[in-house]
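Enquirer: Structure below; questions to follow.
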């Protein structure tokens with residue numbers, strides 16, 4: 001029998017003894033509430049009335065015609081409240097935290113989307129909120145830092161290591177070890193120790209459930225491929241999950257190749273990572289021969305992580321999902337393309353998914369259908385894309 | 001041969017003494033200094049030394065040991081060099097030496113090869129703070145095969161887990177004094193009588209308290225609850241301050257703690 005919290009060899013609970021009791025409490029609470037009708041009724045109501053779900057499945061007609069291949073549909077997670085899929089998970093976890101009687105919430109954030117979502121729901125539910133964010137990321141995403149402050153959260157900069165997402169997670173873990181009795185750690189992706197990868201995926205799987213229903217309604221059949229970007233991998237797990245059993249649906253993750261997978265500056269864990277144990281889980285990590293975790297790089301702060309959720313490592317290992325490496329340049333081109341073609345400015349993270357989809361769509365027949373999960377909106381990225389293109393914007 | 005950790009605690013018990021376990025990060029500021037510090041600590045009264053293997057992302061460490069790891073990794077200290085270090089140390093000491101390290105370092109090196117090398121250079125045990133009891137199968141088979149002890153940890157939150165962990169522990173049980181990460185603390189407020197009560201109910205291996213102990217007086221207090229105490233960050237603070245000249249001040253500090261423990 002499979003061990004609890006494992007996806008094949010991947011997953012597990014590799015955390016200090018200090019937090020074991022808390023993780024077991026969380027496991028028990030999640031097991032209790034996940035099938036509880038009242039909990040699910042409350043969550044569905046929040047999804048609908050607060051987060052603006054279901055998100056629409058949009059037929060991108062111009063893009064379809066322009067690319068001349070498969071029919072393109074875009075799942076509009078960017079239209080959720082707070083502008084990304086992150087809110088789905090946060091509403092679930094914080095509703096659970098409330099049921100558990102926790103008053104203080106901590107979170108890590110890379111691009112700031114998970115931090116903003118956490119700060120938002122903490123404001124809604126009257127919970128104290130502290131968000132850890134690498135100081136490098138605070139610089140590239142200053143707008144989101146201010147947004148979190150507006151929402152009443154404390155944003156704590158992390159200077160250690162590379163001062164990005166992995167260091168923010170290290171610091172959040174350390175906080176959790178110190179304040180375990182009062183504090184709920186709201187992890188933003190399908191990573192960390194069990195039950196997080198499963199729980200976060202369950203709170204995100206509504207994406208694939210909706211895609212399936214909407215696709216059946218619009219086309220009377222399932223899509224041929226679903227494409228999503230992967231950092232830790234929560235929007236992709238959400239978009240893939242309900243299709244895993246549908247073997248005819250190709251699942252494609254797009255990871256960040258930065259300046260190229262053959263340069264030292266990328267975050268392409270599936271392409272270049274090795275099996276390791278870090279941040280509570282056994283999975284693939286970018287690391288050196290002695291197991292030191294690599295500094296990674298991507299233009300996208302949200303994909304700038306040296307590991308990947310264990311269920312993705314598993315789906316990759318059994319060949320159920322394919323993972324493409326998308327460079328900064330390809331992502332920026334896709335960012336500009338979708339803006340001009342469909343009037344939708346995608347998050348630079350999601351632009352990696354658009355770029356991956358654009359590689360396969362022209363090769364596919366016109367009778368095929370591809371769904372791109374547009375995990376977030378790109379307003380936050382406008383400055384950094386301008387900078388990338390060498391355009392100076394004065395007014396900040 | 002009898003495991004040095006077991007022999008050490010038996011000797012201490014016979015003498016009515018408490019164990020002093022001290023820690024230093026390998027390669028901070030360089031491996032030659034680490035070698036001298038380890039010998040000096042043994043000379044000034046350490047019973048057991050833990051050598052910290054630097055890791056890029058030490059999630060259980062406070063600022064002091066994080067910074068020491070970074071200083072060490074700046075000049076690419078690696079596990080093979082640390083095996084060589086212990087091998088050299090074995091020319092001059094027969095006291096127990098442990099490695100304190102993160103699981104990824106063991107796993108990536110190859111767990112079997114890691115334990116074989118530990119045995120070859122005579123490392124007596126390994127402490128892995130991010131490997132909880134439930135994941136002990138990662139190392140158990142190799143630890144048992146080589147006789148290199150995997151030291152398990154117990155925390156203030158462990159409660160009903162204490163007995164379960166103690167039952168499988170060998171060498172000694174590492175009692176984490178407080179919530180949080182490593183680093184010196186002014187006060188340690190855990191109720192050890194309550195936490196450690198289950199240990200009195202069976203014939204378990206010795207227990208030592210670590211995390212946050214900063215001076216002889218605190219060490220004495222902690223050791224009263226169990227069989228010894230573990231001091232890390234207080235020593236690493238001295239190394240941070242004096243660098244290559246830290247051998248003597250570390251020795252003085254260790255001697256002062258020894259004196260307090262034996263008083």
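Enquirer: Report yes if residue A:136 is part of a helix (DSSP H, G or I) and modelled with pLDDT under 90, otherwise no.
Expert: Spelling it out, residue A:136 is indeed part of a helix (DSSP H, G or I) and modelled with pLDDT under 90.
Enquirer: Also, I was wondering about something else. Residue by residue through the range B:199-226, note down the ones that are crowded, with 21+ Cβ neighbours inside 10 Å and part of a loop (DSSP other than H, G, I, E, B).
Expert: B:206, B:211, B:212, B:213
Enquirer: Assess whether residue A:356 counts as being within 30 Å of residue A:81 (Cα to Cα) and in contact (Cβ under 8 Å) with a residue 60 or more places away in the chain.
Expert: yes
Enquirer: For the range A:192-278, please list each of the strands (runs of 3 or more DSSP E) lying entirely inside it that holds at least 2 residues being within 14 Å of chain B (Cβ to nearest Cβ).
Expert: The strands (runs of 3 or more DSSP E) meeting that bar are A:274-278.
Enquirer: Something else about it: Suppose the filter is away from chain A (no Cβ under 14 Å) and either in a loop (DSSP other than H, G, I, E, B) or out of contact with any strand residue (DSSP E or B) (no Cβ under 6 Å at 6 or more places or on another chain) (or both); does residue B:234 pass it?
Expert: Answer is yes for this residue.
Each row is one residue, and each column tells you yes or no for (1) buried (at least 20 other Cβ atoms within 10 Å of the Cβ); (2) more than 30 Å from residue A:147 (Cα to Cα); (3) in the same structural domain as residue A:119 (by TED's automatic domain parsing).
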| residue | (1), (2), (3) |
| --- | --- |
| A:10 | yes, yes, yes |
| A:76 | no, no, no |
| A:95 | no, no, yes |
| A:104 | no, no, yes |
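Enquirer: Checking residue A:151 against (1) more than 10 Å from chain B (Cβ to nearest Cβ); (2) out of contact with any helix residue (DSSP H, G or I) (no Cβ under 8 Å at 6 or more places or on another chain): exactly one of these is not met. Which one?
Expert: Result: residue A:151 fails condition (2) only.
Enquirer: Further, regarding this structure: Determine whether residue A:47 is surrounded by 15 or more Cβ atoms within 10 Å (Cβ to Cβ), more than 30 Å from residue A:99 (Cβ to Cβ) and in contact (Cβ under 8 Å) with a residue 12 or more places away in the chain.
Expert: The answer is no for residue A:47.
Enquirer: Would you mention how many residues in the range A:154-175 are touching a residue at least 12 places away in the same chain (Cβ under 8 Å) and out of contact with any helix residue (DSSP H, G or I) (no Cβ under 6 Å at 6 or more places or on another chain)?
Expert: So the answer is 13.
Enquirer: For residues in the range A:163-185 being within 9 Å of chain B (Cβ to nearest Cβ) and in a loop (DSSP other than H, G, I, E, B), which is surrounded by the fewest Cβ atoms within 10 Å (Cβ to Cβ)?
Expert: Here the answer is A:181.
Enquirer: Hey, any hits in the range A:283-306 for a residue that's away from chain B (no Cβ under 14 Å), assigned to a loop (DSSP other than H, G, I, E, B), at pLDDT 95 or above and within 15 Å of the chain's Cα centre (by Cα)?
Expert: No, the conditions are met nowhere in the range A:283-306.
Enquirer: Can you say whether residue B:16 is over 15 Å from the mean Cα position of the chain (by Cα), under 30 Å from residue A:180 (Cα atoms) and surrounded by fewer than 19 Cβ atoms within 10 Å (Cβ to Cβ), as far as the supplied structure shows?
Expert: Here the answer is no, as residue B:16 does not meet what is asked.
Enquirer: Quick one: would you say residue A:218 is surrounded by fewer than 24 Cβ atoms within 10 Å (Cβ to Cβ), under 21 Å from the mean Cα position of the chain (by Cα) and at pLDDT 95 or above?
Expert: No; evaluated as a whole, the condition is false for this residue.
Enquirer: When you scan the range B:127-151, how many residues do you find that are surrounded by fewer than 24 Cβ atoms within 10 Å (Cβ to Cβ) and free of Cβ contacts under 8 Å to residues at least 40 places away in the same chain?
Expert: Of the residues in that region, 15 qualify.
Enquirer: Hey, another quick one. Take the range B:60-114 and flag every residue that is surrounded by fewer than 19 Cβ atoms within 10 Å (Cβ to Cβ), more than 27 Å from residue B:6 (Cβ to Cβ) and touching a helix residue (DSSP H, G or I) at 6+ places or on another chain (Cβ under 7 Å).
Expert: B:67, B:81
Enquirer: Take the range B:58-73 and flag every residue that is under 17 Å from residue B:178 (Cα atoms), within 11 Å of chain A (Cβ to nearest Cβ) and part of a helix (DSSP H, G or I).
Expert: B:63, the sole residue that qualifies.
Enquirer: Tell me, please, whether a residue that is in contact with a strand residue (DSSP E or B) (Cβ under 6 Å, 6 or more places away or on another chain) and under 26 Å from residue A:277 (Cβ atoms) can be found in the range B:178-195.
Expert: no
Enquirer: Confirm whether residue A:276 is more than 15 Å from the chain's Cα centre (by Cα) and either farther than 30 Å from residue A:384 by Cβ or at pLDDT 95 or above (or both).
Expert: It is true that residue A:276 is more than 15 Å from the chain's Cα centre (by Cα) and either farther than 30 Å from residue A:384 by Cβ or at pLDDT 95 or above (or both).
The values are calculated or read from the model by the stated rules, or taken from the named source; none is laboratory data. Remember, predicted model here, so these are calculated numbers, not experimental data. Please note: Cβ atoms are built from the backbone with ideal geometry, for glycine as well, and neighbour counts cover all protein chains shown.
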